[in-house]
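**Q** Dumping the structure here so I can ask a few things about it.
Just so you know, all these numbers are worked out from the coordinates, no wet-lab data involved. It should be emphasised that the depicted structure is a prediction, and the values quoted were computed from it without experimental measurement. Don't worry about glycine lacking a Cβ; one is built from the backbone with ideal geometry, like all the others, and counts go over all protein chains shown.
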């Protein structure tokens, strides 16, 4: 039997990157969530060649000091939790402290950041997990992270990426979801220097959807007033009877401001429309749910894509169906 050894940190981070950052859109997701946790009200995302050659996320959040910028690149460094019990009521988007070191281990990674009270910012350059330099830099308050040549240090991962168009579609959908979920934040998405969309701050959810997904889709939606009870609040936009889709792409569920996949909510939506849509068609829905964070487990997937509802508050597929049907669906 071969001798058992401890993996070097760089190798361990590259392995972790395969779970946390499986494609360029996953890197964008982690950086977007960091920006939101930093209190940003303006976030810009830009990328080239499907994010394979270059992607960047820039925000006007709180920024980091030089020491904090270096510490953020250490494995499991996080400002979000302090003890295992904190996992029972996650209120932030990120919490594991894996994203930045994982991304930096499989790319040419540049972090520029500045707190509002600092005279100058800090630039940290990491190439394939190796620190190249840390220096002062001039910049506005906030943080900008650039990721170049993603997965080039691990060609085995690179060959599993899809075509440029496919990776572009994943990034575009991801940023649209977060722009919808966070209407108090101004989002801008650019590809190869051209603007894909810009979503200004607005309290009008239908207007937000129109700016992000387009006027034609928005015409097929009706809003419904918030429904509250048993510690939950549900509201959003539902498709008009007969306005179905061939895929689940426009069945969007947002729980406590986080775009997620939930079998419970998806099943409830499909069942609520079963007499209104032909077989094989899926409803159009942009559904928001607010619930006690202690009732939601967001730590069931490495990339935090899926959630699981704990048995509190009585949330079930049957209860959700009842809510939609009360809306006249």
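**Q** Can you give the extra length, in nm with one decimal, that the chain gains between residue 118 and residue 65 once fully stretched, where that is 0.36 nm per residue apart less the Cα-Cα distance?
**A** The residue 118-residue 65 span can extend by a further 18.3 nm.
**Q** What number, in percent, do you get for the relative contact order of segment 185-258 if the mean sequence gap of Cα pairs under 8 Å and at least 6 apart is divided by its residue count?
**A** Over segment 185-258, the number comes to 17 percent.
**Q** Please find the FRET efficiency linking residue 4 to residue 149, where r is the Cβ-Cβ separation and R0 is fixed at 45 Å, and quote it to the nearest 0.05.
**A** 0.85
**Q** Right, something else. Determine by what factor the alpha-carbon radius of gyration of segment 223-273 differs from 2.2 N^0.38 Å, reporting the quotient.
**A** Against the compact-globule rule of thumb, the ratio is 1.19.
**Q** Let me ask another. Less than 18 Å from a label point 7 Å out along the Cα-to-Cβ axis of residue 201: which backbone N atoms in segment 27-50 qualify, by residue?
**A** So the set is 35-45.
**Q** Further, regarding this structure: R0 = 30 Å: FRET efficiency of residue 306 with residue 184, Cβ-based, nearest 0.05?
**A** After rounding to 0.05, the efficiency reads 0.75.
**Q** What distance in nm separates the simple spin-label points at residue 271 and residue 222, each placed 7 Å from Cα in the Cβ direction?
**A** 2.2
**Q** To the nearest 0.05, what FRET efficiency results for residue 230 and residue 281 with a Förster distance of 25 Å applied to their C-beta separation?
**A** The computed FRET efficiency comes out at 0.20.
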